[in-house]
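Novice: First, the structure itself, so that you have it in front of you.
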Amino acid sequence: MPTDKDIPAPHGAFRTYAVVALLLLAGGALWFFVERDGRAQPKGPPPGAAMAVAVSVTQARLGVAPVTLSGIGTVTPLRTVTVKSRVDGELTEVRFQEGQFVKEGELLAQIDPRPFVAQLDQYQGQLAKDTALLENAKADLSRYDNLVKKDMLAGQTKDTQASLVRQYEGAVRSDKAQIDNARLQIEYSRITAPVSGRVGLRKLDPGNMVKSTDDAGLCVITQMSPISVIFTLPEDELPRVRKRLLAGERLAVTAYDRTMTEKLAQGTLATTDNQIDTATGTVKLRALFDNADEALFPNQFVNAELLLERRENVVLLPAAAVMRGPKGAHVFVVGEGDTVSMRPVTTGMAVGTDVVVETGLASGETVVVEGADRLRDGAKVAVRQPGKPATEKAASDKPAAEKPATDKAAADKS
């Protein structure tokens, strides 16, 4: 009977079987992954191909750039008058309503004139008395003069009579002056509007005693049209403004509200102050406004914008298109083949949301506005259509090799 040593060892057969099994497994796995990737997965971009960046673009254009100077101002009326009484007496009548527009010379209130009328009668009576005395003195002087010529009267008596005549003449003149003053008091008892404007709140009611020494007065009248705005500018800007004023130019001034969003009125620059405020380094300017619609209100805070000049045919570009870097301002210009080139530019003043490009860009060139932060010189871009999302645009711009498998390929796989 054979022993264990007589049975041959099966090491060679087992090794062969293991190698065959491993080869079969590897081949099956390779077939599975190749078949799955070929039917279900889209092919990737070829090696070295660059993805297009979705951007929004605009064209540089020619436009007008207004050169303006802005300052903080206050609406200041040209005439503001506190209506006071010039005589003392009882306020018997008020003819105006609060907030009413009145014209110059219009009757506003009435003070009891009877004391002044009585005083006028008294002065007129005194005038009549002094006039009679004067006439009598003149008659006596004429008689004395004849007697002196006949040497029947001393000359001293004549001189005394002549002096008396002059005294009565002075009394008559004084009486006439008092009569004129009494008539003036009667006129002052009628309080009229010294200027045309809008009346403020009433400070006294009929029945009150009015005195000429009252500081409050009856009311305040403010001229509303025309009206002015006093605003300030830095002293460094004064030479440019003065140069145009002295040349006779009418510089336009626009008044805006506190937030600089609503235009209130349009006017012209009238004059500048005669000195600079050394504490603030600013100078005051006055602009005049017609203010027919009373859009400007006295003591209102406004922002004044002074138009110095209008620069024609300048290159304008949205401020968002200008990038800032270590080397200064630059833009990305779209060229042939939808590739961009980085170009340095020199910018000037701002015009709303736009900026003036002094050098480096010509009108009509296409510039990237949105998406420039993801670009570099020579990058390829996909111009985004207005209102179309960037992802949708980028997907539609993919080559056919990058698109997902079609329904036919999916059917073949199934």
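Novice: On the principal axes of its Cα set, how long, how wide and how thick is region 56-130? Give whole Å, largest value first.
Specialist: For region 56-130, the Cα spread along each principal axis is 100, 30, 19 Å.
Novice: If you place +1 on the Cβ of every Lys and Arg, -1 on the Cβ of every Asp and Glu, and leave all else neutral, what size is the dipole of region 78-161 about its Cα centre, to the nearest 20 Debye? Please report the intermediate quantities before stating the final value.
Specialist: Working: 12 positive and 14 negative charges, 66 e Å.
The calculated dipole for region 78-161 is roughly 320 debye.
Novice: Leaving ligands and nucleic acids out of the surface, order Val367, Val334 by accessible area at 1.4 Å, largest first. Could you put the intermediate results ahead of the total?
Specialist: Working: Val367 0, Val334 30 Å².
Largest accessible area first, the residues go Val334, Val367.
Novice: Can you tell me, using C-alpha contacts under 8 Å and at least 6 residues apart, the relative contact order of region 313-361 as a whole percent? Intermediate results must be reported in sequence, preceding the final value.
Specialist: Numbers: 77 pairs, mean separation 18.6, N = 49.
Taking the mean separation of contacting Cα pairs over the length of region 313-361, I get 38 percent.
Novice: From the phi angles alone, apply the Karplus equation (6.51, -1.76, 1.60; θ = phi - 60°) to region 281-297 and give each ³J(HN,Hα) in whole Hz, x where the residue is Gly or Pro.
Specialist: x, 10, 10, 8, 10, 10, 10, 9, 10, 5, 6, 5, 8, 6, 5, 9, 10
Novice: Next question, about the same structure. Let me make sure I get this right: for region 129-267, a, b and c are the square roots of the gyration tensor eigenvalues over alpha carbons, sorted descending. Under 1.5 in a/c it's rounded, otherwise prolate if a/b > b/c, else oblate. Which is it?
Specialist: Values: a/c = 6.09, a/b = 2.56, b/c = 2.38.
The shape class here is prolate.
Novice: Report, by chain and number, residues whose modeled amide H sits under 5 Å from the one on Val67, excluding near sequence neighbours (fewer than 5 apart, same chain).
Specialist: Excluding prolines and chain starts, which carry no amide H, the hits are Leu308, Glu309, Arg310, Arg311.
Novice: What ³J(HN,Hα) values, in whole Hz, does the Karplus curve 6.51 cos²θ - 1.76 cosθ + 1.60 give for region 359-369 when θ = phi - 60°, with x put for Gly and Pro?
Specialist: For region 359-369, the Karplus-derived couplings read 9, x, 8, 10, 5, x, 6, 8, 10, 6, 9 Hz, x marking Gly and Pro.
Novice: Turning to a different aspect of this structure: How large is the translational diffusion coefficient of region 219-293 in µm² per second when you combine the Kirkwood radius over alpha carbon pairs with Stokes-Einstein at 10 °C and 1.306 mPa s? Please report the intermediate quantities before stating the final value.
Specialist: Working: Rh = 13.7 Å.
It comes out at roughly 116 µm²/s.
Novice: Of the GluC sites (Glu not before Pro) in region 230-334, which ones lie in a loop per DSSP and count no more than 10 other C-beta atoms within 10 Å?
Specialist: Details: sites: Glu235, Glu237, Glu249, Glu262, Glu294, Glu305, Glu309, Glu312; in loops: Glu249, Glu262, Glu294.
Qualifying residues, ordered by number: Glu262.
Novice: What percentage of the solvent-accessible surface of region 244-329, computed with a 1.4 Å probe over protein heavy atoms, is contributed by carbon and sulfur atoms? Walk me through the numbers on the way to the answer.
Specialist: Working: 2480 of 5170 Å².
After summing per-atom areas, the C and S share lands at 48 percent.
Novice: Once you have a ≥ b ≥ c as the square roots of the Cα gyration tensor eigenvalues for region 253-319, tell me rounded if a/c is under 1.5, and otherwise prolate or oblate according to whether a/b is larger than b/c.
Specialist: Details: a/c = 1.75, a/b = 1.19, b/c = 1.47.
Note, shape of region 253-319 comes out oblate.
Novice: May I ask you to list the residues of region 59-91 whose amide nitrogen lies under 11 Å from a point 7 Å from Cα along the Cα→beta-carbon direction of Arg244?
Specialist: It comes to 66-70, nothing else.
Novice: Which value, in Å², gives the accessible area per residue of region 219-303 when a 1.4 Å probe is used on the protein heavy atoms? Numbers along the way, then the final one.
Specialist: Values: 4790 Å² over 85 residues.
Per residue, region 219-303 has 56 Å² of solvent-accessible surface.
Novice: What list of ³J(HN,Hα) couplings, whole Hz, do you get for region 242-253 from phi and the Karplus terms 6.51, -1.76, 1.60, once you set θ to phi - 60° and write x for glycine and proline?
Specialist: Per-residue couplings from phi come out as 4, 4, 6, 5, 5, 7, x, 6, 9, 8, 7, 10 Hz.
The values are calculated or read from the model by the stated rules, or taken from the named source; none is laboratory data. Keep in mind the model is a prediction, meaning the values are calculated, not measured. Ideal geometry is used to build each Cβ from the backbone, glycine not excepted, and the neighbour counts take in all protein chains shown. For the accessible areas, the whole protein counts, side chains as well, though only heavy atoms, and no ligand, DNA or RNA atoms are used. Shrake-Rupley method; radii C 1.70, N 1.55, O 1.52, S 1.80 Å.
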